[in-house]
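To keep things clear, I will list the structure first and then write my remarks on it.
What follows is calculated from the coordinates using simple rules that are stated; it is not laboratory data. This one's a predicted model, so the numbers in the text were calculated from it and none came from an experiment. No Cβ is skipped: glycine too gets one built from the backbone with ideal geometry, and neighbour counts run over all protein chains shown.
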Amino acid sequence: MARAFIPKVVTANALIEGDVVYLTADDIWSRNHAEAELIEDEAHAQLRLLKADRQRDRVVGAYLADARMGDHGPEPIHFREAFRTRGPSNYAHGKQEAGNV
Amino acid sequence: MYNYTDFDTAYVASRNAQFRRQVERRISGALTEDEFRPLRLMNGLYLQLHAYMLRVAIPYGTLKSDQMRQLAMIADRWDKGYGHFTTRQNIQYNWPKLSDVPDILDALGEVQMHAIQTSGNTIRNVTADHFAGAAADEIGDPRPTAELVRQWSTDHPEFQFLPRKFKIGVSGAAHDRAVTKSHDIGLRIVRGGNGQTGYEVLVGGGLGRTPMVGQVIRPFLKKEDLLPYLEAIVSTYNTMGRRDNKYKARIKITVFENGMEKFRDAVDARFEEVKRDWTGVNPEVLAHIEQSFLPPAFRNAPVDGYETARKADPVFRAWTDTNLTEHRQPGYAIVTVSLKAHGATPGDATSAQMRLLADLADKYGHGELRISHEQNVVLPHVHKSDLWALHASLKTEALATANFGLVSDIIACPGMDYCALATARSIPVAQEIATHVQAIGLEEDIGALKIKISGCINACGHHHVGHIGILGLDRAGVENYQITLGGDHTENMVIGERAGPGFAYDEIVPAIERLLRAYLDVREDASETFIDAYRRLGPAPFKAALYPDEAARDAA
């Protein structure tokens, strides 16, 4: 039996600032993981990633990251992705600074 | 210190103008990221976890005060008010916007700095002993050599697409402070039988996935043969080096797989060819370089005030005991300014700290600053009568920490707080070890110790050559830290041995504390350092401290 598909979000970095962004269901790049579209279907995930890849004037380095539904929307599974939702741990910089977690 | 010629200035300006247009085309969408990536990397611009990162070269770790001031200005104007000094004597800005980078590069150009070849499969920023021109044990100043190599390697048409990145380090002293044995090529200035200085040339060193100690390829190379010989080594590597597997592409693997004998023969054959066509270095260029590194005008002045201050002020005395190194000029000292205040991020300096350091370099240090691979700032020439005033000023910006060479003087790479390659965090581990060892009051008692932390196998934090090395990994989605013991970064380089299974994030600081206490228990007396005790006793008592459950089982 094929392994169950782990739900995904499409994430990238904003072209100019490099800030972490997530693709929403209505095709907006949000800076907030909880607003991302949680993709439960593998084929749909590939289509969404293709769409992200075509937006070369807005984002860079799009990829699919594992996620799961939480109380306030999709949340990351791996610690690397959790750090990307916040920013570094040594200073309150990045998303912590903007109050945009 | 070296000043750009008109040629240097024009070259950097034209590269910056070129990159400005490339950035414009990327922002307009005319260039894809795949097309743009190699162009930005050639100019030191990375994309990291949360933002872009610009890596600026500090050639052979040498800075003038006006350059340091400009680095502070850039940090304030285009970044978040600080910079991170790295183990390769670069400075990294963690938050530049893509659209601002061309302006940042122009601002660097104003003070004769750039970010060229701080990335990519090219010859990278040439590093050198941070005590160059000052150390008492120096045979020859490594900076003119490093500058010559920088000029030769910058935009070298044959070496822009090497199999992999290529690092050259230069040392000019009996004690190797430039970690030459971990470089693709290490150059050590040595004295030959006839009294002339030349180079011992090492090749094939490197840390990372497959750590290897550099081996001597030529015990004595005449000075005038340096560039043709380097050309021969890199050219041989360019031909023989593997391009099929990124992890086997460094010269250390080329040397290892072919054997030193075969590699040396190939280099020697190529050397004969290169030498035949070699027209030599333009003597005017060479003279300009050599004239640039003459010692400053040292002064003869009494140092009585220094001894009096040491007797009167215990804080000052503690700092002078740890943070000074012997200078070759009587009455002078080399000052290491620690960027490792307990709990601070190793290697980070705020713009205010950078400005103060620049001002103090002008006031007390002939306008010179150095960045060490251990992520500290060095004022290489300070008269001892100025030390008390210098120390008082350093205190105003939390730069007077008396911990050079001690437990809390930790090398740490940016790790997963910034780096896209990292597999775990490094910075908070370093911060917690430093604050914890201060809290339990053991730092002074423990004395000399090198802890080095990397957040992935690429080993930017030199963990393999730490007396205690810490490597952060991702084990099944959880941060995990492996400890290596007994590494040595000096001329007697040793790759540390893995102690055993790794530790979870919340177990690593207690594990380090157990190690430190074990050392205090087993040392013969306070004069036996951690590494000496390890060499005398081997790993057993340290492993027993790290893994007490296993030790108890074995004893039962």
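Each residue of segment B:460-465 was assigned a 3J(HN,Hα) from its phi angle through the Karplus curve 6.51 cos²θ - 1.76 cosθ + 1.60 (θ = phi - 60°); the sequence is 4, x, 6, 4, 4, 10 Hz, with glycine and proline shown as x. For B:Tyr247 and B:Arg514, the difference between the fully extended length at 0.36 nm per residue and the C-alpha to C-alpha distance is 92.6 nm. Backbone phi angles across segment B:238-249, fed through the Karplus curve with coefficients 6.51, -1.76 and 1.60 (θ = phi - 60°), yield HN-Hα couplings of 4, 8, 8, x, 7, 10, 7, 9, 3, 7, 10, 9 Hz in residue order; Gly and Pro are listed as x.
Under 5 Å between amide hydrogens, built in the peptide plane, is the criterion, and for B:Leu485 it picks out B:Gly469, B:Glu497, B:Arg498, B:Ala499 among residues at least 5 positions away or on other chains. P(r) tail, segment B:304-395: Cα-Cα pairs separated by more than 17 Å, 47% of all pairs. Would you please give the FRET efficiency between B:Gln329 and B:His288, computed as 1/(1 + (r/R0)^6) with r the Cβ-Cβ distance and R0 = 22 Å, to the nearest 0.05? It comes out at approximately 0.35. In deg cm²/dmol, rounded to 500, what helix-only [θ] at 222 nm does chain B give when every DSSP H run of at least 4 residues adds -39500 (n - 2.57) and the total is split over its residues? Using -39500 (n - 2.57) per qualifying helix, the result is -12000 deg cm²/dmol. When you filter the trypsin sites (Lys or Arg not before Pro) in segment B:220-325 for DSSP loop state and at most 16 other Cβ atoms inside 10 Å of their Cβ, you are left with B:Arg242, B:Arg243, B:Arg299. So, R0 is 56 Å and r is the distance between the beta-carbons of B:Glu444 and B:Phe7; what FRET efficiency does that work out to, to 0.05? The computed FRET efficiency comes out at 0.60. As a length-normalised measure over Cα pairs under 8 Å and 6 or more apart, the relative contact order of segment B:268-355 settles at 13 percent. Whole-Hz Karplus values for segment B:513-525 come out as 4, 4, 4, 5, 5, 4, 4, 4, 5, 9, 5, 5, 7 Hz, taken residue by residue from phi with 6.51 cos²θ - 1.76 cosθ + 1.60 and θ = phi - 60°; glycine and proline positions read x. Distance from the Cα centre of segment B:1-73 to that of segment A:50-101, in angstrom? The distance from the Cα centre of segment B:1-73 to that of segment A:50-101 comes to 27 Å. Candidates B:Leu286, B:Thr154, B:Gln215 compared by Cα position along the dipole of segment B:127-291: farthest toward the positive end lies B:Gln215, with charges placed on Cβ.
Just want to confirm a number: the relative contact order over chain A, from Cα pairs under 8 angstrom separated by 6+ residues, in percent. Spell out each step's value before the answer.
Details: 172 pairs, mean separation 28.9, N = 101.
This gives 29 percent for chain A.
A Gaussian network model of chain A, with springs between Cα atoms under 10 Å, assigns the largest mean-square fluctuation among A:Ala62, A:Ala82, A:Ala14 to A:Ala82.
For B:Glu158, the shell of other residues with beta-carbons less than 14 Å away shows a net charge of -3, using +1 for Lys and Arg and -1 for Asp and Glu. Taking the Cα centre of segment B:489-536 as origin and assigning +1 to Lys and Arg Cβ atoms and -1 to Asp and Glu Cβ atoms, the resulting dipole is close to 120 debye. Placing a label point 7 Å from the Cα of A:Asp57 along the Cα-to-Cβ direction, the residues of segment B:24-38 with a backbone N closer than 16 Å are B:24-33. With only Cα atoms counted, the protein assembly as shown has Rg and Dmax values of 25.3, 84 Å.
Cysteines of chain B lacking any other cysteine Cβ under 4.7 Å from their own Cβ: B:Cys419, B:Cys456. For segment B:411-555, the calculated P(r) over all alpha carbon pairs, in 5 Å bins from 0 to the bin holding the longest distance, is 2, 10, 20, 23, 22, 14, 7, 2, 0 percent.
Lys and Arg at +1, Asp and Glu at -1: add these up for the other residues within a Cβ distance under 12 Å of B:Gly204 and post the number.
Working: positive: B:Lys167, B:Lys181, B:Arg250, B:Lys252, B:Arg264; negative: B:Asp184, B:Glu257.
Result for the local shell: +3.
Counting only other chain Cβ atoms within 10 Å of each residue's Cβ, the peptide A:83-89 averages 6.
I'd like the orientation of helix A:42-53 relative to chain A: the angle between its Cα long axis and the longest Cα principal axis, in ° from 0 to 90, rounded to 10. Tilt relative to chain A: about 40 degrees. Rounded to the nearest 20 debye, the dipole size of segment B:6-110 about its Cα centre is 220 debye, using +1 on the Cβ of Lys and Arg and -1 on the Cβ of Asp and Glu.
Only loop residues by DSSP count here, and only those with at most 12 other Cβ atoms within 10 Å; note down the GluC sites (Glu not before Pro) in chain A that meet that. Intermediate values should be presented prior to the final figure.
On the way: sites: A:Glu17, A:Glu35, A:Glu37, A:Glu40, A:Glu42, A:Glu81, A:Glu97; in loops: A:Glu17, A:Glu37, A:Glu40.
Of the GluC sites (Glu not before Pro), the ones in loops of chain A whose Cβ has at most 12 other Cβ atoms within 10 Å are A:Glu40.
Tell me the net charge near B:Lys275. Cut-off is 12 Å between Cβ atoms, B:Lys275 excluded, with +1 for each Lys or Arg and -1 for each Asp or Glu. Charge balance near B:Lys275 sits at -4. Take each residue in A:90-97, count the other chain C-beta atoms within 10 Å of its C-beta, and the mean is 5.
Dipole size of the protein assembly as shown about its Cα centre, with +1 on Lys/Arg Cβ and -1 on Asp/Glu Cβ: approximately 940 debye, rounded to the nearest 20.
Give me the distance between the Cα centres of segment B:160-182 and segment B:403-447, rounded to whole Å. So the separation of the two Cα centres works out to 25 Å. When chain A is treated as a GNM with alpha-carbon contacts under 10 Å, the residue of A:Ala43, A:Ala12, A:Ala65 showing the greatest mean-square fluctuation is A:Ala43. Applying a threshold of 28 Å to the alpha-carbon distances of B:Lys167/B:Lys262; B:Lys80/B:Lys248; B:Lys97/B:Lys450; B:Lys311/B:Lys363; B:Lys223/B:Lys246 flags B:Lys80/B:Lys248; B:Lys97/B:Lys450; B:Lys223/B:Lys246 as lying beyond it. Report note on the peptides B:60-67, B:24-31: ranked by the mean count of other C-beta atoms within 10 Å, highest first, their order is B:60-67, B:24-31. Sequence-distant contacts, meaning Cα pairs under 8 Å at least 6 residues apart, place the relative contact order of segment B:304-395 at 31 percent. Run a plain Debye calculation on chain A (Cα atoms as equal point scatterers, no solvent) and give log10 I(q)/I(0) at q = 0.13, 0.19 Å⁻¹, rounded to two decimals, same order as the q list. Results for chain A at q = 0.13, 0.19 Å⁻¹ read -0.43, -0.90.
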